[in-house]
Structure formats: structure tokens, C-alpha cells
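Visitor: Take this structure, written in C-alpha cells, and hold onto it; I'll ask about it next.
Bear in mind these aren't lab numbers, they're just calculated from the coordinates by the rules spelled out. Keep in mind it's a predicted model, so treat the numbers as computed, not measured. For neighbour counting, all protein chains shown are included, and Cβ atoms are generated from backbone atoms with ideal geometry for every residue, glycine included.
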Amino acid sequence: MASNSSIFLLVVLLTLSSTLSFCFADRDSDSDLVAELVSLRSASESGVIRLNDQRVSHFLTSISAPRPYSLLIFFDAAQLHSKQELRLQELRREFAVVSASFAANNNNGTDADKLFFCEIEFSESQSSFQLFGVNALPHIRLVGPSTVNLRDDSGQMDQGDYSRLAESMAEFVEHRTKLTVGPLHRLPLLSKTQIGIVVALITIWTPFVIKRVLKGETLIHDRRVWLSGAIFVYFFSVAGTMHNIIRNMPMFLPDRNDPSRLIFFYQGSGMQLGAEGLAVGFLYTVVGLLLAFVTNVLVRARNVTVQRLIMLLALFISFWAVKKVIYLDNWKTGYGIHPYWPSSWH
């Protein structure tokens, strides 16, 4: 009996010892991974870690859940940076702002080692894109400590949340991870040296500016500046430039049937190209300038014959310009505008 008890006790001790050694080894492995992530974050200027297929396997797929950290991943593609509508470069800069702010605000706490900001570039890590099931950009994904299936279990940031940029990203992190990002630290537009130079220049030029203002010799006293500004505002208004800016309308479109051919005027009332606005704005500006010339300059001419000839020419050009605008509107919308003549004129 004593022999059997000794054997049983030895088996229990060996099992307990192997279990404890496995647990400590697992803890050491987790601490090594965290230390490696901290080192990679420190090597990055903004704290964003560049991942590739090997690092994704090293930090995510080859480690069993739960992991002691979360990864917020920004998916990028350098070949799509030229597509301004995606705003990938702007979103990448905002992502870096959130990363740097989180690291700065949690520098002295333990939360800094619980979340790491990463990025994956398509040309370097196509397998990782497939692993996460990413087929459209922009795309931000949060991999939590207990995430097993990267495609289905990881949290994706909604497309509608990208409008507020870094603020939306910070709210997404705080809502999903329960960690505090803190205030966002953006780089100032001007450095302290640049601000000092600007202040020095303003101090030097202030007496000269005051002297010219008192004498009435500044640009704001020049009638030509005000005239040019008024013409610019008028053209800006009648050309629909604000509409094109708000809706991000292109100046022209390539023809689908012939890519070498460009379309400057699009038939259809639902869309207006930038070239159309410029053309209509130019015609309206011509009419406005002719009207201003006739009412302010031509009336001062002493030769009646010259007045009449210039007046007829101005009327002809104005009629032609308005006719072109009406023709373009009819062509785009399909609605015809016809003059109304009294029945007695027929």
C-alpha cells in the first residue's frame, strides 16, 4: 500500500509540475509578444506598427486566444492613393493621430500594452487581406483578445463613421475595447520657430502698414482690386462652383465607348461637370460685364453713332450668350424654352 501511495503521489507531483511549467512558459511567451509589440511601436514615429503576412501569423493566427492585447488594423493600398474619393492618405494620417494620442495619454499606465495600432499594405500582405476578408477600402478592423476567426469575429468600423476622421476612430476604440484614448494631439500648423518669425515680421511691418493705411495707399483703397473681386465673386456664383466643390464633381469624364475621348458636357439633369459650370459662368459673366459697360461707361460717350453701334453689338453678344445657355439647358434636361409672342403679332 505504501508503495502504491508513493507512486500515486509521484504521478500527481509530475503532472502538477508539468502543468505549472506549461503555464509559466505560456506567460513568458505572452510577455515576449507584448515586449516585441512595444519595441515595434517605439520604432515607429506615430506608433503605428507595419504588419505583413509573417507578423500577422506571429501575433495573431499562431497564438491561441485569449491574447493579452488587441490590435486595431488599418488596411491600406498604395496603388489606390491616387483615388481622391477614397481619402486613404488622409485617413491614414488621422489613424496615426489616434495612435500617437493613445500612446501619449496612456504612457504611464498599463492600458498602453493592451492595444496596439497597426497597418497592413495590400502589395505586401495580400494573404492577410484574404484572411480578414477585406475587399474594399477604406477598412479598419479591431482584433480583440478573444478573437479566433479573423474574418467573422473581428470588429469592423462602419463606413459612415469615417466622416469625422480621428474623432470617430477614437470613439470606435473606446466603445469596443473599453479603453480610454484621451484627447487627440494634432501637430500645430506652424512650429514655434515659424511662429516666432511671423511675429517678428508683423512687428517690423506694422509701422509701415499703419502709415500706408493713414495715407489711403493700401490694396483695400484700390478700386481695381474691389472691381476684380466683384467679378470673381459673380463668376464664382453663376458658374455653380460651390455645387461642384460640395459634390466633388470632376471637370470632365472619359468616354466609355472611346477612352481617348473626353466628355465636357454630360447630357442629363442629374449631373453637372465642372467644365459645364465654367462655360455657363463665362457666358453669364460676359453678359454682366457688357451690361456694366453699357450702363456705366458707354453713357459717357459723346458720339451718338458710337453709342448706338456699341449698344447693338452688346445686345447681339448678350442675345447669343443667353441663347447658348438656354440651348444647353434644353439639351441637358429635355425641357424646351420658347418665347411667347402676343396673338396679335401672328
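Visitor: Relative contact order (percent) for segment 28-177, with alpha-carbon contacts under 8 angstrom and 6 or more residues of separation?
Guide: Working: 194 pairs, mean separation 47.8, N = 150.
Reported relative contact order: 32 percent.
Visitor: Another question about this same structure. Note down the net charge around Val286, summing +1 for each Lys or Arg and -1 for each Asp or Glu among other residues with Cβ under 13 Å from its Cβ. Walk me through the intermediate numbers first.
Guide: On the way: positive: Lys323, Lys324; negative: none.
The answer is +2.
Visitor: If you take the charge dipole of the chain about its Cα centre, with +1 on Lys and Arg Cβ and -1 on Asp and Glu Cβ, which of Gly277, Ala136, Ile231 is farthest toward its positive end?
Guide: Ile231
Visitor: Given contacts defined as C-alpha pairs under 8 Å and at least six residues apart, what's the relative contact order of segment 90-213, whole-number percent?
Guide: 32
Visitor: Take the alpha carbon gyration tensor of the chain, find the square roots of its eigenvalues, order them as a ≥ b ≥ c, and report rounded if a/c is under 1.5; if not, report prolate when a/b exceeds b/c, else oblate.
Guide: Numbers: a/c = 4.93, a/b = 2.29, b/c = 2.15.
Because a/c hits 1.5 or more and a/b exceeds b/c, the chain counts as prolate.
Visitor: Could you give the nm distance between label points at Val148 and Asp329, where each point is 7 Å from its Cα heading toward the beta carbon?
Guide: Output for this residue pair reads 6.6 nm.
Visitor: Something else about it: Where nothing but the Cβ of Lys and Arg (+1) and of Asp and Glu (-1) is charged, how large is the charge dipole of the chain around its Cα centre, in debye to the nearest 20? Display every interim value, and only then the final one.
Guide: On the way: 31 positive and 29 negative charges, 495 e Å.
Computed charge dipole of the chain: roughly 2380 debye.
Visitor: Let me ask something else about it. Could you compute the net charge surrounding Asp76? Neighbours are other residues with a C-beta less than 14 Å from the C-beta of Asp76; K and R count +1, D and E count -1.
Guide: Residues close to Asp76 contribute a combined charge of +1.
Visitor: How long is the gain from Ile195 to Arg223 if the chain were fully straight, where each residue apart is worth 0.36 nm and the alpha carbon distance is subtracted?
Guide: Taking 0.36 nm per residue and subtracting the Cα distance, the gain is 6.8 nm.
Visitor: Continuing with this model, one more query. Using the Cα centre of the chain as origin and beta-carbon charges of +1 (Lys, Arg) and -1 (Asp, Glu), tell me which of Ala78, Phe265, Leu165 is placed farthest towards the positive end of the dipole.
Guide: Looking along the dipole axis, the top candidate is Phe265.
Visitor: What are the ³J(HN,Hα) couplings of segment 53-63, residue after residue, when phi is run through the Karplus curve with 6.51, -1.76, 1.60 and θ = phi - 60°? Round to Hz, x for glycine and proline.
Guide: With coefficients 6.51, -1.76 and 1.60, one gets 4, 5, 6, 4, 5, 5, 9, 10, 6, 8, 10 Hz.
Visitor: Between Val134, Val181, Val233, which gets the highest mean-square fluctuation from a Gaussian network model of the chain, Cα cutoff 10 Å?
Guide: Val233
Visitor: For the chain, what does the relative contact order come out to in percent, with C-alpha contacts under 8 Å and a separation of six or more?
Guide: Relative CO of the chain lands at 12 percent.
Visitor: Okay, moving on. Can you find, among Ile195, Leu313, Ala43, the residue sitting farthest towards the positive end of the charge dipole of the chain, where Lys and Arg contribute +1 and Asp and Glu -1 at Cβ?
Guide: Going by the charge dipole, the pick is Leu313.
Visitor: Here's a follow-up. Residues with beta-carbon under 13 Å from that of Ile120, excluding Ile120: net charge, scoring Lys, Arg +1 and Asp, Glu -1?
Guide: Details: positive: Arg50, Arg55, Arg92, Arg141; negative: Asp53, Asp76, Glu119, Glu121, Glu124.
Value of the local net charge: -1.
Visitor: Can you tell which of Asn149, Asn248, Asn296 shows the greatest fluctuation in a Gaussian network model of the chain with Cα springs below 10 Å?
Guide: Asn296
Visitor: While we're on this one: Which of the helices in the chain, when you take each full DSSP H run, stretch at least 24 Å along the axis at their Cα atoms and have an average Kyte-Doolittle score of -1.0 or higher?
Guide: 2-43, 88-105, 192-215, 274-296, 304-333
Visitor: Test of understanding: in a Gaussian network model of the chain with alpha carbons linked when under 10 Å, which of Gln126, Gln84, Gln267 would top the mean-square fluctuation ranking?
Guide: So, out of Gln126, Gln84, Gln267, the one fluctuating most is Gln267.
Visitor: Can you list residues from other chains, or at least 5 along the same chain, whose modelled amide H is less than 5 Å from the amide H of Val48?
Guide: none
Visitor: Right, something else. Can you list the residues, at least 5 places off or on another chain, whose amide H is less than 5 Å from the amide H of Ile263, using H built in the peptide plane?
Guide: Leu253, Asp255
Visitor: Show the residues, 5+ positions off or on another chain, whose built amide H is closer than 5 Å to the amide H of His139.
Guide: Close amide H contacts, sequence-distant or interchain: Phe75.
Visitor: Using the crude model of +1 on Lys and Arg Cβ and -1 on Asp and Glu Cβ, and no other charge, please compute the dipole size for segment 21-101 relative to its Cα centre, in debye to 20.
Guide: 220
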